[in-house]
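In what follows, a structure is listed as structure tokens, so that the remarks can point back to it.
The values are calculated or read from the model by the stated rules, or taken from the named source; none is laboratory data. The structure presented is a predicted model; accordingly, all values stated were derived computationally and were not measured. Because the Cβ atoms are built from the backbone with ideal geometry, glycine has one as well, and the counts that use them run over all protein chains shown. These area figures cover heavy atoms from the full protein model, side chains too; ligands, DNA and RNA do not enter into them. Shrake-Rupley method; radii C 1.70, N 1.55, O 1.52, S 1.80 Å.
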Amino acid sequence: MPELPEMEAWRRALDGPVSAFPIEKAGTAHIATLKTFDPPLAALEGRRLAGAERRAKRLLFPTEDGELVLLVHLMTAGRLRYLQPGEKGPKTPAFRLRFQGGAELVLTEAGSKKRAGVWLLTPEAAAAELEHIGPEANELDVDQLTEILVSDSRRLHSLLRDQRRIAGIGRAWANEILHAAELSPYALTKDVTPEQVARLDHAIKEELARGLELRERGANDQKTYRVHKKLGEPCYRCGSPIAQVDFEEHTIYYCPDCQTGGRVLKDRRLSRLLR
């Protein structure tokens, strides 16, 4: 799933183009993609977007008149593309906006599972839709991070991915951040020392900034990630092979030498199978 660096790179790339011309045609949208029906998509036609905004892993496109907000959540496989007039695009995108002059904003989604979503909302409804989301990860200070950590008791990797606590970090950047901070993904939040919190705070800011810079330059996953999906490859810091822990919905990648004192982490599901 695209996370804060990827979504912010898209926001910056789309901010100018989507506000250049009024919307000529809104839709069509896949029945599983469009999550609202009132107001109808046609209400966007003739209006101009004010630009692109981001909240956590969602993109928001408010109208210039302040009356509507188009909210997009890409989930795992959704992708947004801005097509110049005449540029060839997908025949049946999950969602399409056509602007006066011929440019288009299209949402595509790979695979048969349609999880990406599009909402057309009033500003008040958009605020309500997002009110459960925690503070942006790249805007936290050490005191705020400390307060979040002591307010819960669970593994660090799990907390970093919880959008209600910290917004914008998912599986991939949790792996990168914890490696940069030299912290075990299994460390309990309440056991983290002040010195470790400071390292984690620094790693969050540095890794998300590094990711954003690379994504804006067009770097792919292979060039962006240094730990995520690098099983068996040498750790860039110590040279030990990167290890992993598999779960049904995600995989943790880590360096046993840098992060866990040489201890190989086991997940309960796999351990039960090996008994």
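In table form, for the structure just shown:
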item	result
Residue of Pro17, Pro185, Pro90 that the Gaussian network model of the chain assigns the largest fluctuation, springs spanning Cα pairs under 10 Å	Pro90
Calculated log₁₀ intensity ratio I(q)/I(0) where the Debye formula runs over C-alpha points of segment 1-118, q = 0.15, 0.17 Å⁻¹	-0.60, -0.80
Centroid-to-centroid separation of segment 120-180 and segment 1-72 [C-alpha atoms, Å]	23
Of Gly239, Gly134, Gly170, the one that fluctuates the most in a GNM where the chain has Cα springs shorter than 10 Å	Gly239
Per-residue SASA entry for Tyr82, accessible area with 1.4 Å probe, Å² rounded to 10	50
Backbone HN-Hα couplings from phi across segment 8-25 [Karplus 6.51/-1.76/1.60, Hz, Gly and Pro as x]	5, 5, 5, 4, 5, 5, 8, 4, x, x, 6, 9, 6, 9, x, 7, 8, 9
Helical contribution to [θ] at 222 nm, DSSP H n ≥ 4, -39,500 (n - 2.57), averaged over the chain, rounded to 500	-8500 deg cm²/dmol
q = 0.16, 0.17, 0.18 Å⁻¹, segment 56-191: log10 I(q)/I(0) [Debye, one scatterer per Cα]	-0.94, -1.00, -1.06
Potential lengthening between Glu67 and Glu195 on full extension [0.36 nm per residue; Cα-Cα distance subtracted]	41.4 nm
Note, ³J(HN,Hα) from phi for segment 145-152, Karplus 6.51, -1.76, 1.60, rounded to Hz, x at Gly and Pro	5, 4, 4, 5, 5, 6, 7, 9
Solvent exposure of segment 116-275 as accessible area per residue, Å², 1.4 Å probe	51
For peptides 243-249, 44-50, sequence by mean Cβ density within 10 Å, most packed first	44-50, 243-249
Segment 157-211 - percent of accessible surface contributed by carbon and sulfur, probe 1.4 Å	49
Over the chain, relative contact order from alpha-carbon pairs under 8 Å, at least 6 apart, %	16
Share of carbon and sulfur in the accessible heavy-atom surface of segment 1-78 [1.4 Å probe, %]	53
Pairs beyond 31 Å (Cα-Cα), from Lys25/Lys114; Lys35/Lys266; Lys113/Lys229; Lys35/Lys190	Lys35/Lys266; Lys35/Lys190
Segment 176-251: proportion of alpha-carbon pairs further apart than 15 angstrom, %	63
Rounded to the nearest 10 Å², the accessible area of Met75 at probe 1.4 Å	50
Loop-located trypsin sites (Lys or Arg not before Pro) in segment 77-107, at most 14 other Cβ atoms within 10 Å (DSSP)	Lys88, Lys91
Where His202, His30 fall by accessible area, highest first, once all protein chains stay in place (1.4 Å)	His202, His30
Overall Cα dimensions of the chain, principal axis frame, Å, largest first	60, 37, 36
Long-range amide H partners of Gly134 with built H, under 5 Å	Arg164, Arg165, Ile166, Ala167
Karplus 3J(HN,Hα) series, Hz, for segment 185-191 with 6.51 cos²θ - 1.76 cosθ + 1.60 (x for Gly, Pro)	x, 8, 4, 7, 4, 6, 9
Segment 126-178, relative contact order in percent, only Cα pairs under 8 angstrom and at least six apart counted	40
